[in-house]
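Worksheet: the structure to be examined is printed underneath.
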Amino acid sequence: MNRETFLNILKNRVLIMDGAVGTELQRKKFLDDVVIPEELNIKYPDRISDIYSCYVNAGSDIILTNTFGLNPMRLKQHGIFNKVDDMVKSGIDLVRKISSDVIVAGDISSLGEYIEPLGTLSFDEAFEAFAFQSSLLQKHGADILVIETMTEIKEVKAAILAARENFFGAIVVQMAFSKNGVSVTGTDLKSFIAMVESLGVDVLGLNCSIGAQDLAELAKILCENTNLPISFKPNAGIPMLVNHKTIFPETKEEFIEASLKAYSYGVNMFGGCCGTTPEFIKLLSNELRFKHPKIRGIKSKYFLSTRTKAIDINEIKRPIIIGERINPTNRRSFQEELVKGNLSLVKDEARFQIRSGASLLDVNMGVPGVNEAQLLKNAINQIQEIVPVPLCIDSSSPCALEEAVKNCSGRPILNSVNGEQIKLDLILPIAKRYGTMLIALTVDENGVPKTTNERLKIAEKILKSADSYKFERRDIIFDYLVLSVSSSPEQIQETLKAMRLSKKMYPECKLILGISNVSFGLPSRQVINSTFLKMAVDAGLDFAIVNPHENWNIDDLLAREMLENKNESSTNNFIKAYSSFKKHIPKVETEKLSLDKQLYFAVLNGNKELIYVVVNQFIKETDEAKAFKAINNSVLMALSIVGEKFALKEYFLPQVIMSAQAAQAAFAIVKTFFKKSETTYSAGKIIMATVKGDMHDIGKNIVGAVLESYGFDVIDMGINVDSQSIIDKACEVNPIAVGLSALMTTTMPEMETIIKLRDAVNIPLKIIIGGAAVTKKYAMEIGADAYAKDAMEAARCIKSFYK
């Protein structure tokens, strides 16, 4: 089935997907004697066929193949990579044998590792893993591709790009969100829409994580903000363990009620996730199959985004301010820090500009003698995790632009392309591939045109090239270039005239200017800049690249006369009036922060670069005991505030990880120094393990990272760890505590087994448990010493064990 055929069917009627596969396999005890569920495709195909048949008979139009976790990382971990082609082929063929009428959806999900800076996986490694899986699903004939249960937006980006370039059918992308509409890594629903729409997916949707009633309200938000088809695949509630059995509390009737509500909002595709059964799908099919989808007709949104926030530029008051200060041009000290690889000033400047009202940030790392692509990538990775605004990625190097944009956790603007054909052929494919907006300068190999018509001719050339690459015109932002009024007074009106005509000729395109160019070589530059900005807005300006710290409320008559070039004396009149003007910079008495305060804020803000400077200064200036005490107190105080911000949803997982990494860096220096001086330091040993039968480790790894940031030595035993092995290790190393993780309710009983083994050998061992399905009540029932819902709570619990 080709993409157009599928979308035409979806346009005309509601489609019904299948329900849960994993929980059905568990319920029927079909997972015996296999390493991973996907191995059933070749080892016990009748078991998978049984599940498929039940859903086809229940009325499913779409069956997702049993290929959810067949990515190279997972397969190599289990030593069955050589079987992947057979597992994918069988997963698809088994559906075809049951019914030639159903739509076969190749199923893909998360890799199980975060992409840097949240994890160690590079974007390219993630892309290659998804490309491998997508190409196999294409090779063996899947009709459509479903990327599901995703929680991290950069991984979503890698998966979509890989799928789009290796699979030729329709692409469906589903993310998992909490009840409040935010993923575990801080992405909200509009940021999700911004990313997937810009990358050209065919259907976006929601699955897993929460029950149908709550998911329906999130589906409503999607329906209100996009005209793309929407899929809806909720759990049958949040799982609970009752009498050692996994129970999904939502009834079939509640599931159907929520699904009908989602249909009324405009959802097009329906199915079920964990805990749903063929009975759920049969009722769903009876209610909704063959119904015509609701027509939404949403007013066009135009999103730019970062990981945690999307802005609709159609709704923001003009001009939209882009902060220009992350740029080393003519800033020697800034350049020196960048050459060292130190991004502390970059991150500080990012925060300060947001406080001053910038809606976006321009990021330029063009410093001679550095690897610009690597430096720009690092800057993007760090800035986007500390400020919630979209970015404008600024470079003349296509290589640097691509390296930065693929690591951007949102939809950015690229700055820039111009009318040179060689530049157009290099930059337009990058902007198209990554779904960005693109600033287009109306300049070419002949320089800046002197007339309005010449600038508009270049604009037309750029648009024709954009059309040839199927790059949408509405994603072009024209810069008609303003020169200095001191050297080219007649050019100011040419720029403004070109902008007015452009709005009439190309109304879908936006306009931008770097404002400060206009005042070069003149006194009282901000008076000119602010006055010109008001004139440019009147001419249709949408975006202004400016210093947001300046006063932009000035509208000066003399400056306006000079900019309008009314007479020969207008420039001289302005200079006479302002030549003696001195910019008043109020003196502010500031107390230099003490070392402990510097360290506190470095950890709080996740500033690893500053950590090295401050901690080494501590050690240099004080004796060992005082240094350790001060460092320990500052780091732990900062981490405590990080925990509070995380609980209040002011910080999300990326900020927690960055603060944890900064704290880890501080303690690493301390440990290295103490080792040299024959002094030992450790807050104690902690064993971490994912219990037997459970292959999930992202949550465990995050807890481990946070505990290390508190100075603990973390012994990570990995995933699927035998219960007796955990007790044996505890007897060997005598830890403060053992942390046990389980994502699935079916593996939670292993936690109780470990506690019983501990009690049997009568060792004084504290056990703390956590995981998606684990509850405080369950911890009490099985005799665990503590329950932690997240990494910060785990740290607090373990600290309390040795007080």
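General observations
- Using a probe radius of 1.4 angstrom, the carbon and sulfur fraction of the accessible surface of the stretch 595-802 is 53%.
- Solvent accessible area, Å² - residue 473, 1.4 Å probe, full protein context: 60
- Here r is the Cβ-Cβ distance between residue 668 and residue 180 and R0 is 41 Å; the resulting FRET efficiency, rounded to 0.05, is 0.70.
- Reach of residue 464 by Cα under 19 Å, taken over lysines that are not fewer than 8 positions away in the same chain: 423, 432, 503, 504, 510
- For the chain, the longest principal axis of the C-alpha atoms and the axis of helix 749-761 are separated by about 70°.
- Of all DSSP bridge pairs formed entirely within the chain, close to 10 percent run antiparallel.
- Looking at the stretch 138-227, the trypsin sites (Lys or Arg not before Pro) that sit in a DSSP loop and have at most 14 other Cβ atoms within 10 Å of their own Cβ are 179.
- Among residues other than residue 326 with Cβ under 9 Å from its Cβ, the summed charge is -3 (Lys and Arg +1, Asp and Glu -1).
- Accessible surface of the stretch 3-288, 1.4 Å probe, proportion on carbon and sulfur as whole %: 51
- Computed lengthening from residue 33 to residue 575, 0.36 nm per intervening residue step minus Cα-Cα distance: 186.5 nm
- Angle in degrees between helix 421-434 and the longest Cα principal axis of the chain, rounded to the nearest 10: 30
- The length gained by stretching the chain between residue 374 and residue 594 to full extension, at 0.36 nm per residue less their Cα-Cα distance, is 75.9 nm.
- For residue 398, net neighbour charge (Lys/Arg +1, Asp/Glu -1) across residues whose Cβ lies under 15 Å away: -1
- Residues of the stretch 683-727 with amide N under 13 Å of the 7 Å Cα→Cβ point at residue 132: none
- Space enclosed by the convex hull of the alpha-carbon atoms of the stretch 595-802, per residue, Å³: 113
- Virtual paramagnetic centre 7 Å along Cα→Cβ of residue 213, amide N under 18 Å, in the stretch 164-193: 178-181
- Estimated from helices alone, the mean residue ellipticity of the chain at 222 nm is -15000 deg cm²/dmol (sum of -39500 (n - 2.57) over DSSP H runs with n ≥ 4, per residue).
- Between helix 595-604 and the chain there is an angle of about 70 degrees, using the helix long axis and the longest principal axis of the Cα atoms.
- Cβ-derived FRET efficiency at R0 30 Å, residue 473 paired with residue 292, nearest 0.05: 0.40
- Alpha carbon centroid spacing (whole Å) that separates the stretch 295-356 from the stretch 594-635: 29
- Rounded FRET efficiency, nearest 0.05, which uses the C-beta distance separating residue 100 from residue 253 and R0 of 30 Å: 0.35
- Taking every alpha-carbon pair under 8 Å whose residues sit at least 6 apart, the chain reaches a relative contact order of 8 percent.
- Over the chain, accessible surface divided per residue gives 41 Å², non-protein components excluded, 1.4 Å probe.
- Alpha-carbon centroid distance for the pair the stretch 457-483 / the stretch 98-122, whole angstrom: 36
- Placing a label point 7 Å from the Cα of residue 165 along the Cα-to-Cβ direction, none of the residues of the stretch 330-372 has a backbone N under 20 Å of that point.
- Only Cα pairs under 8 Å and 6+ residues apart enter the sum, and on that basis the relative contact order of the stretch 595-802 stands at 17 percent.
- Working note: Debye formula, equal point scatterers on the alpha-carbon atoms of the chain, no solvent; log10 I(q)/I(0) at q = 0.08, 0.11 Å⁻¹ is -0.77, -1.28.
- When the GluC sites (Glu not before Pro) in the stretch 307-343 are filtered for DSSP coil states and for at most 11 other beta-carbon atoms within 10 Å of their beta-carbon, the remaining sites are 315.
- Residue 490 versus residue 756: modelled label distance in nm, points set 7 Å from Cα along the beta carbon direction: 9.4
- Our note on the geometry: Cα centres of the stretch 426-446 and the stretch 378-419, 13 Å apart.
- Modelled spin labels at residue 260 and residue 300, positioned 7 Å past Cα toward Cβ, are 3.7 nm from each other.
- You can think of it this way: the chain between residue 82 and residue 629 has 191.6 nm of extra reach, that is 0.36 nm per residue less the Cα-Cα gap.
The values are calculated or read from the model by the stated rules, or taken from the named source; none is laboratory data. Note that the structure is predicted; figures quoted are calculated from it, not measured. Cβ sites come from the backbone with ideal geometry, for glycine too, and all protein chains shown count toward neighbours. With ligands, DNA and RNA removed, areas are computed over all heavy atoms of the protein, side chains included. Shrake-Rupley method; radii C 1.70, N 1.55, O 1.52, S 1.80 Å.
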